[in-house]
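The structure under discussion appears below in the form of structure tokens.
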Amino acid sequence: MTPEEFRRHGYALVDWVAGYWSELAKLRVTPEAPPGTAAGALPDRAPEHGDGFAGLLADLDRVIVPNLTHWQHPAFFAYFPANTSGPSVLADLVCAGLGVQGMLWSTGPACTEVETVVLDWLADVMDLPARFRSTGTGGGVIQDSASSAALVATVAALHRASGGRWRQSGVDGRYTVYTSTQGHSSIEKAARVAGLGDAAVRLVEVDEAYAMRPEALRAAIAADVAAGAVPALVVATVGTTSTTAVDPLGAIGEICREYRAWLHVDAAYAGAATVCPELRWVHSGLELADSYCFDPHKWLLTGFDCDAFWIADRAELVKALTVLPEYLRNTATESGAVIDYRDWHVPLGRRFRALKLWFVLRWYGAEGLRAHIRSGVSLAARFAEWVAADERFEIVAPHPFSLVCFRRRGPDGPNEELLRRVNATGQAYLTHTRVGGRYVLRLAVGSPWTEEAHVAAVWQLIRDLA
Ligand code: PLP
């Protein structure tokens, strides 16, 4: 493809994406087609001869769009949002066009330096503790996901707990990891991948608001220490997946200090909310954390994949992960004056993902990001008011952000049936969870195109089908 051909087809494709966004609200949120439909619409073999671009564009309409769950749809209320935005998409285009591989500072100086600066900017916009800034001992890096952030935190915690010995001898079954019963499954997965296994993970009891009980954490750690274990890592959550509960970071952090355990804070979804000063209470005690992450790719208008991960002492992470073969040696690294992000995560190679955060921050400004968060919070609050005012329904957990957990009063069966019927209409998409053993519906607002009319329409639909 010559640059001229790229220009022509690129313009057509940008038109296509803009058209998709403008027409999105008219589509079903979820597809009706049974499994195998998209695969069945494709030929059995790759083409022997290149067949140009016109057919590809037509196939986006024929094969892809009808067989998608539309995450950017204004009536997408499932899981947590995974927003994207114009500036984020355009930045990804630049990233792909540059094709830079920024494993070392020397293989992409701007790729490295823009990432460091933009994560400092973001830390500033969220008022994160000073210890996470690159200007001190800390710093930020983009991981692909909060799951990878949990893995990196686990490895750094093991490094600290073993005095660095795990690098030579692996792990020996003494190390333990703690999160609440509401912690995300990625924490258990990280413990498995790090070689600790499921048996090392303790799920700590929660209170009536589904937040971790610090006294239960202390009791679990004390019992493990008495039995000869080494508490390596505690993962506290700001905004749990089921209900967006907020663990008390200050009390948890004090316990971590006492036992020299690493504290990682997983704010995958809710961290974005702290661009708004009125929601920063969720970070009270964060200055005691060793690492922190949230996903701009969930609720901060930055397309997947973009997890922002900060660490208080970057040297600990680098020591845990660095392996320096001869073929990567270079004078910039040896000078000690640069960051080589390859030592901050599992993959060696990395693309220029900081571009999309940079574009998003410059396009919206902190003010635009705050407006986006506030819109989601106020739409969710409006929905919760309607639910609370209808005596057939109940709200089952606090809803400080843009997720509302609710159910029809009574047994689970009618709630399961209600969710099935709502989603079958294709007019909206919600998912469920279990809270205190009960089946609960979740409505998460997050698309930048969701307006009050969309939330009112889904509430009407729920009432009509209840
Ligand atoms: N942690 C929490 C609290 C989450 O809610 C999620 C996903 O929803 C994750 C971690 C995993 O996120 P990711 O897909 O970025 O790995």
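The values are calculated or read from the model by the stated rules, or taken from the named source; none is laboratory data. Since the model is a prediction, treat every value here as computed from it, not as a measurement. Virtual Cβ from ideal backbone geometry, glycine too; neighbours counted across all protein chains shown.
Residue count for the range 257-277 satisfying the condition of being in a helix (DSSP H, G or I), in contact with a helix residue (DSSP H, G or I) (Cβ under 7 Å, 6 or more places away or on another chain) and within 23 Å of Ala320 (Cβ to Cβ): 2.
Restricting attention to the range 178-205, which residues are more than 17 Å from the chain's Cα centre (by Cα) and hydrophobic (A, V, I, L, M, F, W, C)? Matches in the range 178-205: Ala191, Val193, Ala194, Leu196, Ala199, Ala200, Val201, Leu203, Val204. Taking Gln168 as the residue in question, decide whether it is at pLDDT below 95 and either away from the ligand (no atom under 16 Å from the Cβ) or on the phi > 0 side of the Ramachandran plot (or both). Judged against the criteria, Gln168 is a match. For the range 45-72, the candidate set comprises residues that are closer than 18 Å to Met1 by Cβ and charged (D, E, K, R); within that set, the residue that is farthest from the chain's Cα centre (by Cα) is Asp51.
Looking only at residues of the range 246-269 that are in contact (Cβ under 8 Å) with a residue 40 or more places away in the chain and among the small types (Gly, Ala, Ser), we find that the one that is farthest from the ligand (Cβ to nearest atom) is Ala261. If you check Ala216, Ala245, Ala220, which single one turns out to be crowded, with 23+ Cβ neighbours inside 10 Å, within 27 Å of Ala270 (Cα to Cα), among the aliphatic types (A, V, I, L, M) and modelled with pLDDT of 95 or more? Selected residue: Ala245, the only one of Ala216, Ala245, Ala220 that is crowded, with 23+ Cβ neighbours inside 10 Å, within 27 Å of Ala270 (Cα to Cα), among the aliphatic types (A, V, I, L, M) and modelled with pLDDT of 95 or more. If you filter the range 263-282 down to residues that are surrounded by fewer than 24 Cβ atoms within 10 Å (Cβ to Cβ) and either out of contact with any strand residue (DSSP E or B) (no Cβ under 7 Å at 6 or more places or on another chain) or among the aromatic types (Phe, Trp, Tyr) (or both), you find that the one that is farthest from Thr137 (Cα to Cα) is Glu278.
Number of residues in the range 289-306 that are within 16 Å of the ligand (Cβ to nearest atom), of a type in the set (Asp, Glu) and either within 21 Å of Arg167 (Cβ to Cβ) or out of contact with any Lys or Arg (no Cβ under 9 Å at 6 or more places or on another chain) (or both): the value is 1.
Residues in the range 200-228 that are closer than 18 Å to Thr244 by Cβ and among the charged types (D, E, K, R): Asp207, Glu208, Arg213. Screening Ser148 against (1) surrounded by fewer than 24 Cβ atoms within 10 Å (Cβ to Cβ); (2) at positive phi; (3) modelled with pLDDT of 95 or more; (4) not acidic (Asp, Glu) leaves a single unmet condition, (2). Taking the range 147-186 as the range and being closer than 13 Å to Ala200 by Cα and among the hydrophobic types (A, V, I, L, M, F, W, C) as the test, the residues that pass are Leu158, Val171, Val177. Kindly evaluate His345 against the criterion of being surrounded by fewer than 23 Cβ atoms within 10 Å (Cβ to Cβ) and farther than 21 Å from Arg374 by Cβ. It is true that His345 is surrounded by fewer than 23 Cβ atoms within 10 Å (Cβ to Cβ) and farther than 21 Å from Arg374 by Cβ. Checking each residue in the range 196-213 for being on the phi > 0 side of the Ramachandran plot and at pLDDT 95 or above picks out only Tyr210.
Okay, residues lined up against (1) within 15 Å of the ligand (Cβ to nearest atom); (2) of a type in the set (D, E, K, R); (3) under 18 Å from Gly170 (Cα atoms):
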{"position": "Ile187", "(1), (2), (3)": "yes, no, no"}
{"position": "Val193", "(1), (2), (3)": "yes, no, yes"}
{"position": "Gly197", "(1), (2), (3)": "no, no, yes"}
{"position": "Leu203", "(1), (2), (3)": "yes, no, no"}
{"position": "Arg213", "(1), (2), (3)": "no, yes, no"}
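If only residues of the range 293-352 that are among the basic types (Lys, Arg) and part of a loop (DSSP other than H, G, I, E, B) are counted, the one that is farthest from Ala380 (Cα to Cα) is Arg329. Selection of the range 228-245 for residues being β-branched (Val, Ile, Thr) and within 11 Å of the ligand (Cβ to nearest atom) yields Val235, Thr237, Val238, Thr240, Thr241, Thr243, Thr244.
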